[in-house]
Amino acid sequence: MPQLDAYIPAGALTPDAEHGLIARLTDLLIRHEGADPANEMVRSIAWVFVHRPESVYVGGLPSAAPRYRFIASVPEGQFNADRRQAIVADITEAVLDAEQGAHPRDPMRVWVFTPEVPDGTWGGAGSIVTLADIVGLALGDMQQGREYAERVFAERRGELVTATTRSDEEASARVTTEAGPVQRRQPS
């Protein structure tokens with residue numbers, strides 16, 4: 001259930017370039033959260049909010065070239081250092097590509113923030129939604145969602161994860177993509 005706040009200055013991109021960028025960012029968000037962009041349920045809960053600043057100031061002066069800000073929020077447990085670095089790099093590249101050479105290709109004009117929303121504080125559909133709920137919804141199996149979330153949080157706490165079930169392995173395979181699998185610690 002990734003959510004992206006995209007701050008794209010007015011007039012920075014052509015309408016077609018912006019639409020293409022939003023489509024590309026949606027796929028990037030889903031993939032880097034560890035889900036399959038082709039999963040329609042996952043796509044239905046991946047939202048991008050476009051904010052349209054009229055102007056952006058740098059050092060107290062109007063910026064000569066557009067500056068972009070993206071806040072990619074995901075439920076706790078979905079980002080790790082590798083996923084964070086990958087999504088920052090990919091969003092930056094996507095934005096610079098969308099400009100189609102209209103401005104200098106300067107990655108310092110694109111800032112990306114990658115907060116995780118603490119488990120138990122994400123609200124949707126009128127209630128609190130946990131990582132287990134979100135993964136269960138995406139997979140169509142609440143038990144697999146619970147097993148996935150339990151494993152992710154145990155690994156975050158540095159606990160040894162030794163017992164896995166077939167359904168746990170299947171959930172991991174279906175939730176995780178090339179954006180980076182959850183790493184299991186092996187028993188000593």
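The values are calculated or read from the model by the stated rules, or taken from the named source; none is laboratory data. Remember, predicted model here, so these are calculated numbers, not experimental data. For neighbour counting, all protein chains shown are included, and Cβ atoms are generated from backbone atoms with ideal geometry for every residue, glycine included.
In the condition set (1) within 22 Å of residue 32 (Cβ to Cβ); (2) surrounded by 12 or more Cβ atoms within 10 Å (Cβ to Cβ); (3) assigned by TED's automatic domain parsing to the domain that holds residue 44, residue 103 is compliant with all but (1). Considering only the range 12-52, state which residues are in contact (Cβ under 8 Å) with a residue 24 or more places away in the chain and among the small types (Gly, Ala, Ser). Hits for the range 12-52 are 12, 17, 20, 34, 35, 46.
The set of residues in the range 95-118 that are closer than 22 Å to residue 28 by Cα and part of a loop (DSSP other than H, G, I, E, B) comprises 99, 100, 101, 105, 106, 114, 115, 118. Only one of the numbered conditions (1) under 24 Å from residue 17 (Cβ atoms); (2) in contact (Cβ under 8 Å) with a residue 12 or more places away in the chain is not met by residue 105, and that is (2).
Screening residue 37 against (1) farther than 26 Å from residue 128 by Cα; (2) touching a Lys or Arg at 6+ places or on another chain (Cβ under 6 Å) leaves a single unmet condition, (1).
Of the strands (runs of 3 or more DSSP E) entirely within the range 1-94, those holding at least 1 residues that are among the small types (Gly, Ala, Ser) and either modelled with pLDDT of 95 or more or closer than 18 Å to residue 118 by Cα (or both) occupy 3-7, 68-75.
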